[in-house]
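What follows is one structure encoded as structure tokens, with my remarks underneath.
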Amino acid sequence: MALDIGTEFVKALIVRIDENNKKGEIVGAAFEAQKISHMIAGAVTDIQGVAQTCKRAIEAAEKEAKAKTSQAVIGIAGEFVKGVTFTFNYEREDQKQKIELPELKNIIQKIQWKAFNKIRQDLAEESGISEIEVKLINATIVDIKIDGYQVTNPLGFQGKEITLSVFNAYAPLMHLGAINSIAKALNLELLFIAAEPYAIARAVDIERGGDAIFIDIGGGTTDIALMRQGGLEGIKSFALGGRAFTKRLCDNLSVEFAEGEQIKLKYSRGEISSGVKKKISDIFRQDIKVWLSGVNLALNEFSKLSPLPSKILLCGGGSSLIGIKKALESGEWTQDLPVLQAPEINFIDPAKIVDIEDKTGRLKEPKDVTPLALASLSVQLLSEEGLFAPMLRRAIRLMQT
């Protein structure tokens, strides 16, 4: 099961994995609305309440699939979910000695602990909490070089210096504890927890050099992932999503949240009169500017050594709001950012998620991309082979305990 516990909805997908061709099929899917007090900005605020919502979504998905499952992959996002690529240089004592497996394992373990200490320092500075507890949740090797020469498998090579770039995603212990408690309440075996921007970046096949910016606009947060040359450089989040736009509508129209949400959805689908459409557009104009400034600030935090990709890919329920895509296409928000050309904005096609086929035929919208990406990641990780996969899994296990 791929379980996307969002601020507005819980999305449960039942995934049947074919171990022979390493592909997954979605055979059951269900979305269940969250109560407004159960989640804030992507973080669980009522464990039992969210668990009950998850239970209803799971039962509906299992009913469609005509199958039950006790194993789950759960996504996590939010302001304090951090992802960054760290590059470290490791100087070997004997450059003539060929690199063997025990040495490589030792290097990766040392690098992961250095990266862990660095992210704790960064989070302490951002949050003002000196001893914030975080755990490593996802890791992947981005690049490896020996004395400046790029290699894919360093075993058997000689050399003085190994340069290793590894992408790590971390989440606060508080968030992970809530997810584990929900899984326990549902009697689920939690296979792994995944940073959702990381899952999306791995699930979309990028062309033209592998450079792209992924923007997932959820109910409570906007999550951004930056990919350069096929490698994930980092992820950033800020606490502004679709719920903020709904609240703005409620304040201006003096309606309850549920009614405001329905008006917003009808506005996005073009199901209202032109006069009402203009009024709502005027209401949202300033909020979209604030949202754009959040995107600008998040991208400013990435390395400025290389130009940012011009390809921007959108997903999440909030991305369908009229005005978001147009505002990004304007390019005004790119001031002070290292960009070479006007941004090209597209929605991620759910049908193009790798390693997954939707047998339900119902997952066709931007809001469906994140749970599909979690399903794709589950297929990838459960069938992952190669030199680094077991080392990184071991590092994650050690650093989570």
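Readers should treat all values here as calculations from the given coordinates under stated rules, not as data from a laboratory. Note that the structure is predicted; figures quoted are calculated from it, not measured. As a convention, Cβ positions derive from the backbone with ideal geometry for all residues, glycine included, and neighbour counts pool all protein chains shown.
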Hey, fewest Cβ within 10 Å first, where do Met174, Met227, Met1, Met391 land in order? Met174, Met391, Met227, Met1
Computed [θ] at 222 nm, helices only, for the chain once each DSSP H run of length n ≥ 4 contributes -39500 (n - 2.57): -12500 deg cm²/dmol
Under 17 Å from the Cα of Lys96, which lysines turn up, not counting those fewer than eight places away in the same chain? Lys145, Lys160
The chain: antiparallel bridges as % of DSSP beta bridges, rounded to 5, reads 75
What spacing in nm lies between the two simple spin-label points modelled at Lys277 and Lys364, each 7 Å away from Cα in the Cβ direction? 2.1
With 0.36 nm assigned to each residue of separation and the Cα-Cα distance removed, Ser181 to Phe347 gains 56.4 nm
Using a 10 Å cut-off around each Cβ, can you sort Cys315, Cys54, Cys250 from fewest to most neighbouring Cβ atoms? Cys250, Cys54, Cys315
Looking only at aspartates and glutamates whose Cα falls under 15 Å of Lys264's and that sit 8 or more positions away or on another chain, we get Glu8, Asp251, Glu256, Asp282, Asp287
Quick one: compute the contact order of the chain, relative version, from alpha carbon pairs under 8 angstrom and 6+ residues apart, as a percent. 20
Tell me, what is the FRET efficiency for Met174 and Lys96 to the nearest 0.05, using R0 = 41 angstrom and their Cβ-Cβ distance as r? 0.25
Extension gain, Asn153 back to Ala33 (0.36 nm per residue minus Cα-Cα distance, nm): 38.6 nm
Sequence-distant residues sharing a close amide H with Thr69 (under 5 Å, placed H): none
Rounded to whole Å, give me the distance from the Cα center of region 43-122 to that of region 299-338. 26
To make sure I understand the rule: partners must be lysines, Cα under 18 Å from the Cα of Lys236, and not fewer than 8 residues away in the same chain. Which ones qualify? Lys82, Lys118, Lys135, Lys304, Lys311
When a/c reaches 1.5 or more, the comparison of a/b and b/c decides; with that in mind, is region 339-401 rounded, prolate or oblate per its Cα gyration tensor? oblate
When a footprinting reagent is the concern and you count Cβ atoms within 10 Å, what order do Lys311, Lys326, Lys264, Lys247 take, fewest first? Lys326, Lys247, Lys311, Lys264
FRET E, pair Thr45, Gln229, Förster distance 51 Å, beta-carbon r, rounded to 0.05: 0.85
